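For reference, the structure discussed in these notes is given below.
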Amino acid sequence: MRRLAAVVLFALAAVTLAAADDFTRIIIRDGDSTYMMGDFSSNSSARYDTAAGTRHYAWFERDGEAWLITDPAVLARLDEATRAQRSVGGEQGALGTRQAELGRKQAKLGRKQAELGRRQAAYATDSARQRELGEQQRELSEQQRALSGKQRELSEKQRQLSEKQRQVSIDVHRNVARIFEDAIRSGAAKRR
């Protein structure tokens, strides 16, 4: 889930990167963690692992040329530059978990309301039973209103987190591009 979130986050930010500089596709690989920006096939990291000869590298394209970085110092700078992106990804994952739990609660409540509706129909002529079922319906409706309020809160948090992600993406891309430029100039980035 964390890996998928990171891939999605970086893919979303690729438009900003492409507009800001000439880097069109990027993979930053650190063992089991993969951060990708740009358009790649699903097996790209495995293919680039083979080409790099390691699972610790940065690969990028600039002006149609492929570059590879395996220098540990440059990779450490890239790790630091992408840390905020990973942090926001973790926040988004946690928020998604909370939203899923709320969805499960809403579904359970919906099933209870449906069952209550069936019971109300079965007791259509029994006024005492109808009053009791009506009270249960009011209680379920109140629970639904409370869940809806929580959903609105989570939606607002998601909106704020999306804005934070957008800003972090811009900053990360700017920093990553700077590191790549430095790596090209220093010779730490090798043409592939």
Exercise. Which residue out of Lys112, Lys108 is in a helix (DSSP H, G or I) and modelled with pLDDT under 90?
Worked result: Lys112
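Ala81 - would you say it is without any contact (Cβ under 8 Å) to a residue 24 or more places away in the chain and of a type in the set (A, V, I, L, M)?
Values: without any contact (Cβ under 8 Å) to a residue 24 or more places away in the chain: no; of a type in the set (A, V, I, L, M): yes.
No: the conditions fail for Ala81.
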For this session: Report yes if some residue within the stretch 90-101 is more than 30 Å from Val172 (Cα to Cα), in a helix (DSSP H, G or I), not assigned by TED's automatic domain parsing to the domain that holds Asp30 and not small (Gly, Ala, Ser); otherwise report no.
Result: yes
For this session: Only residues that are over 15 Å from Lys105 (Cα atoms), aliphatic (A, V, I, L, M) and in a helix (DSSP H, G or I): list them for the stretch 122-160, please.
Result: Ala122, Ala128, Leu133
Seminar exercise, completed: The number of residues in the stretch 66-84 that are modelled with pLDDT under 90, in a helix (DSSP H, G or I) and farther than 17 Å from Gly31 by Cβ is 1
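Residues Gln137, Gln106, Gln144, Gln85: which one is of a type outside the set (Val, Ile, Thr), within 30 Å of Tyr35 (Cα to Cα), surrounded by 14 or more Cβ atoms within 10 Å (Cβ to Cβ) and out of contact with any Lys or Arg (no Cβ under 9 Å at 6 or more places or on another chain)?
Details: Gln137 fails: within 30 Å of Tyr35 (Cα to Cα); Gln106 fails: within 30 Å of Tyr35 (Cα to Cα); Gln144 fails: within 30 Å of Tyr35 (Cα to Cα).
Residue meeting the stated conditions: Gln85.
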Exercise. Is it true that Glu135 is at pLDDT below 90 and more than 17 Å from the chain's Cα centre (by Cα)?
Worked result: yes
Problem set entry | Arg152 being within 24 Å of Arg83 (Cα to Cα), basic (Lys, Arg) and under 27 Å from the mean Cα position of the chain (by Cα) | no
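The values are calculated or read from the model by the stated rules, or taken from the named source; none is laboratory data. Note that this is a predicted model, so its numbers are computed, not measured. Backbone-built Cβ (ideal geometry, glycine too); neighbour counts: all protein chains shown.
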